[in-house]
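Enquirer: One structure coming up, written as structure tokens, with questions to follow.
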Amino acid sequence: MEEEAQPTHAAGSNQDALLLPVEVITEILARLPAKSVGRFRCVSRAWCAMLSADYFVDLHLRRANRPDHPRLLLTAIGSDYDDYLHSWRPGGAVEKLVPDNFSDGVIVPVTKPCRGLILVRGTGNGGYFVCNPSRGDVVALPDTEAPMKMTRRVKLFEPHPSPFFFDVSYGLGYCTLRKEFKAVRLFSDHDFETGIVKSTNCEVFVLGRLEYWRPTAEQPPLHRVDETKPAVFLNGYLHFLCHDGGIVTFSISNETFGSLLPPSGFDDAASMVMELDGCLCLCYGEPDSEELYHVFVLRDYKEGRWEMLSCIDRTTWPESDRMLLGSLWMAPLGTYHSDGGQKIMFGTGACKVFVVDVDNTAPQMLFTPDDTIIGSCDDDNIPALGLYEESLVAVGRTSEENISSSPIAQAWFNILKRLPVRSVLELSLVCREWRAMIMTDHFIHSHVVHANLNKSPRIMFIMDPRFGMYMDLENFTDGRGPHLISSLVCSQPVHGLNVGSCSSWDFLCNPAIGYCEHISFDDNDGTFFAGRIGLGYDLEINKHVVVHITYKEENFETRYYELQCKMRYVNHEQWRPLDPPPRPVAATPPTFVNGKIYWMVEPNLGPVSEICEIVSFDIQTLEFEVLQGPPCSHDSGHMTILQLQDALCVTCSDRKVNTIDVWMMEDCGPWLMKYHIELEKFLPDYLSENTTPLAVDPKNGRILLNAGWSLGYYDPKTAEIETIYTEDIPEHGFRFCPIICQESLVWPYSPT
């Protein structure tokens, strides 16, 4: 009987590939970039399981990264900035990695890669993040933009304030026993006159496990740390460089502290600690000077024996090199193998890379961003680059993912988000898990929406705008009433915040939790102008926006005027200039509706208009537009603009008959008269020139009216007013200032 011929396969077919041993396939794939491995996971379920296994992740980390071929993460913002982080290796081209839009500030690498994960921060209170640039994964560390321990927040319902610290230093490490990453931060507080450290505190955040910082069981030693000197992870320990030159060590596995002494003759000027060729390295020397730059390595960890690796004398460098490499920041990045020897590779604040050998020869330039896709970079005193590794290690789940993955957590989330602020704050003390959930931005934004659905307006009075003192209407007694103020206005709430103006300054506030931030301006001449500041909210990026408009010049006789305008996002330091609106704005508070801030147009300045006009500012496009208002005349009385029932409204008073017409524009449609309020029989408490609607009660449709000394609900069905609070009519134009307060946990920190 003839034997059957074995099937033959064309060269390069898929079936031939299957004949390769699995070990060979894994060795090949382990040398590929992480993004390529991610694509190969889509080949089949078997390959997905194989390439996701812990064994392969560890193998890839070793094979895809060669010590003699370092890669750099470039975070600098150059002249050709394209919103991306980049990578570069000696002899190669600059490559795009991931977008850098996960922080409000410039991204700065804080640590070297820890199994591929890098701790980065955003400048200007942009917060801390753990990032794997190979995968494009980023997870934000909670409570890092303005840590609670470093922010003086006098909260309502908090009899014992939290401890306060001035300094902090962060680090990232990996526990091989538990196979978990830990972010660690060390706080310190010192006396400014003596410099003596009064207290320290250390907290740990476990990635992917817990959503809160927890204190370490052991109290850290009394040393002062600095945020510009992050901890270095080496041999299972984090190393924090302190102001006195000492080094505090922290064991990632058992969370105990130790200490190391600096090398003899150590000078704390511009010192930093890092890892160099597997050893702890300590450098000091002013980067932008001709001082000696010392590089020490810890050769014997147990004995604490330091060895000077190099003493760089930059005065011996050629003048061209000194000019090119002069920088406000300079630090060793790693070792560089060249011509059979090792050199020290340095980076600068202008994103330049050079190497020197230990014998202090002239520097050799390796990289400058000028002729790359990054473009030329301005020098800075912060790191513009760091090391980078190919890695398949995941950064862990976000807080939202942790909540959604747990039915119990999701259930409590849905319950707590509907409760008043005071109840939520009290329940945050139940356990750390609840407190962590309540502190997330996801919960805070969701709570603002759900805790105020179909609720009657919560009315508070501004007692003292200087110190953020507010009081609920229900707390007033016969012997105590609201303060009367002549020049004070406050906006309706915008996603949990209000904005207001006094004669010489403006303020941002959340009366529900006693938050108040003063907003000062260089161009403030002390003149009270009620329309100078508007507040909006961008739903796409979940940020409040403040817009400031002032008159540089105004002449009511010639109708000539000149405006200046600027804006900033709340929590941002920098104001952004804007082209002023095409019409002059009136001295009445603006309002925010559906993504736009609206101002009334001043009828006595600029071009003459026969109709009522409105200026709108689109929060997303950052552009002004002129709209036609309702068919009202400025001659008949006072006009205001506001939001009622989620629609844009304009109120027009008629001083002759003491009435107020409320015009409403719904869904960009035509103007319709929604309410006609007759106040003649309620004189002298309610005068149309002084009365302004504040809100509509969604439960019964009654309109809350503020007359400056009387506060009451007007019922459109019966045309009657129920006065809920009144004062004797004051003299000299003094009024009380009621404010509609939302149940809100929104607490922006002051950029300063």
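Enquirer: Looking at segment 505-518, is at least one residue at pLDDT 90 or above, among the polar types (S, T, N, Q) and assigned to a strand (DSSP E or B)?
Expert: Looking through segment 505-518, at least one residue is at pLDDT 90 or above, among the polar types (S, T, N, Q) and assigned to a strand (DSSP E or B).
Enquirer: Output the residues belonging to segment 373-395 that are crowded, with 18+ Cβ neighbours inside 10 Å and assigned to a loop (DSSP other than H, G, I, E, B). Break it down into steps so the answer makes sense when it comes.
Expert: Pass one, segment 373-395, residues crowded, with 18+ Cβ neighbours inside 10 Å: 374, 377, 380, 383-393, 395.
Within segment 373-395, ILE374, CYS377, ASP380, PRO383, ALA384, GLU389, GLU390, SER391, LEU392, VAL393, VAL395 meet the criteria.
Enquirer: Here's another thing I want to ask about it. Specify which of the listed residues (LEU419, LEU429) is of a type outside the set (Lys, Arg), assigned to a loop (DSSP other than H, G, I, E, B), out of contact with any Leu (no Cβ under 9 Å at 6 or more places or on another chain) and farther than 30 Å from TYR174 by Cβ. Walk me through it before giving the result.
Expert: Values: LEU419 fails: out of contact with any Leu (no Cβ under 9 Å at 6 or more places or on another chain).
Answer to the selection: LEU429.
Enquirer: If you don't mind, another one. Looking at (1) farther than 30 Å from GLY341 by Cβ; (2) touching a residue at least 40 places away in the same chain (Cβ under 8 Å), which one does CYS48 not meet, given that it meets all the others?
Expert: Tallying (1) farther than 30 Å from GLY341 by Cβ; (2) touching a residue at least 40 places away in the same chain (Cβ under 8 Å), CYS48 fails exactly one: (2).
Enquirer: Is at least one residue of segment 680-702 in contact with a helix residue (DSSP H, G or I) (Cβ under 6 Å, 6 or more places away or on another chain), at pLDDT 90 or above and closer than 20 Å to PRO457 by Cα? Write out each step before concluding.
Expert: Pass one, segment 680-702, residues in contact with a helix residue (DSSP H, G or I) (Cβ under 6 Å, 6 or more places away or on another chain): none.
No, the conditions are met nowhere in segment 680-702.
Enquirer: Just checking, how many residues over segment 485-498 are in a loop (DSSP other than H, G, I, E, B), out of contact with any Cys (no Cβ under 9 Å at 6 or more places or on another chain) and on the phi < 0 side of the Ramachandran plot?
Expert: Restricting attention to segment 485-498, the residues satisfying the condition of being in a loop (DSSP other than H, G, I, E, B) are 486-488, 491-493, 495-496.
So of that shortlist, the ones also out of contact with any Cys (no Cβ under 9 Å at 6 or more places or on another chain) come out as 486, 491-492, 495-496.
Keeping just the survivors that are on the phi < 0 side of the Ramachandran plot gives 486, 491-492.
Residues meeting the conditions: 3.
Enquirer: Considering only segment 49-120, give the strands (runs of 3 or more DSSP E) lying wholly within it that have at least 1 residues that are under 21 Å from the mean Cα position of the chain (by Cα) and among the hydroxyl-bearing types (Ser, Thr, Tyr). So that I can check it myself, show each step before the final result.
Expert: Values: elements: 71-74, 84-88, 95-99, 107-109.
Passing ranges, in order: 84-88.
Enquirer: Looking at segment 270-288, which of its residues are closer than 14 Å to SER327 by Cβ and free of Cβ contacts under 8 Å to residues at least 24 places away in the same chain?
Expert: Within segment 270-288, ALA270, GLU286 qualify.
Enquirer: If you go through segment 623-634 one residue at a time, do you hit one that is surrounded by fewer than 20 Cβ atoms within 10 Å (Cβ to Cβ) and β-branched (Val, Ile, Thr)?
Expert: Taking every residue of segment 623-634 in turn, at least one turns out to be surrounded by fewer than 20 Cβ atoms within 10 Å (Cβ to Cβ) and β-branched (Val, Ile, Thr).
Enquirer: Next question. Quick one: which of THR316, THR335 is over 24 Å from ILE247 (Cα atoms) and of a type in the set (S, T, N, Q)?
Expert: Working: THR335 fails: over 24 Å from ILE247 (Cα atoms).
THR316 is the lone residue from the list that is over 24 Å from ILE247 (Cα atoms) and of a type in the set (S, T, N, Q).
Enquirer: Mind listing just one residue for me: the one in segment 289-312 that is more than 27 Å from TYR237 (Cα to Cα) and out of contact with any strand residue (DSSP E or B) (no Cβ under 8 Å at 6 or more places or on another chain) and, of those, surrounded by the most Cβ atoms within 10 Å (Cβ to Cβ)?
Expert: Across segment 289-312, the extreme among qualifying residues is GLU291.
Enquirer: If a residue counts only when it is farther than 30 Å from MET437 by Cα, which strands (runs of 3 or more DSSP E) contained entirely in segment 670-752 have at least 2 such residues?
Expert: Details: elements: 671-678, 692-696, 703-706, 710-715, 720-726, 738-741.
Per the criteria, 671-678, 692-696, 703-706, 710-715, 720-726.
Enquirer: Could you check segment 538-554 and list, in sequence order, the residues that are surrounded by fewer than 12 Cβ atoms within 10 Å (Cβ to Cβ) and part of a strand (DSSP E or B)?
Expert: So in segment 538-554, the residues surrounded by fewer than 12 Cβ atoms within 10 Å (Cβ to Cβ) come out as 540, 552-553.
LYS552, GLU553, listed by residue number.
The values are calculated or read from the model by the stated rules, or taken from the named source; none is laboratory data. Note that this is a predicted model, so its numbers are computed, not measured. Quick reminder, even Gly has a Cβ in these numbers, built from the backbone with ideal geometry, and neighbours come from all protein chains shown.
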